[in-house]
């Protein structure tokens, strides 16, 4: 076999590529393989750390995006003349924990 066992993991130099779910499985497989060698514990540990960092980053980004979604929607709909500035202010108040949800 001429390579590709880990879907050419070494070629991914973009963070968004490594953070894809399928690549996380490749990283997991690589960490396990390195750990199984016995003499590559340091590389296995750093691969594990990368997995943890990627998972944490994805979770943190998803949480923030969910928190901001109503604000982003309000701005988008205001800019397209579907909502008013009051609805933007309502979305911001909700985001800040100060008020109710914006009216549709």
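Shape analysis of the range 19-104 places it in the prolate category; the axes a ≥ b ≥ c from the Cα gyration tensor give an a/c of at least 1.5, with a/b above b/c. Extension gain for the segment residue 57 to residue 75, taken as residue separation times 0.36 nm less the Cα-Cα distance, is 3.9 nm to one decimal. Taking a ≥ b ≥ c as the square roots of the eigenvalues of the Cα gyration tensor, the range 44-85 is prolate, since a/c reaches 1.5 or more and a/b is larger than b/c.
Any read-out appearing in this document is the output of simple, stated calculations on the displayed coordinates, not a laboratory observation. On a predicted model such as this, the values are computed, not experimentally measured, just so you know.
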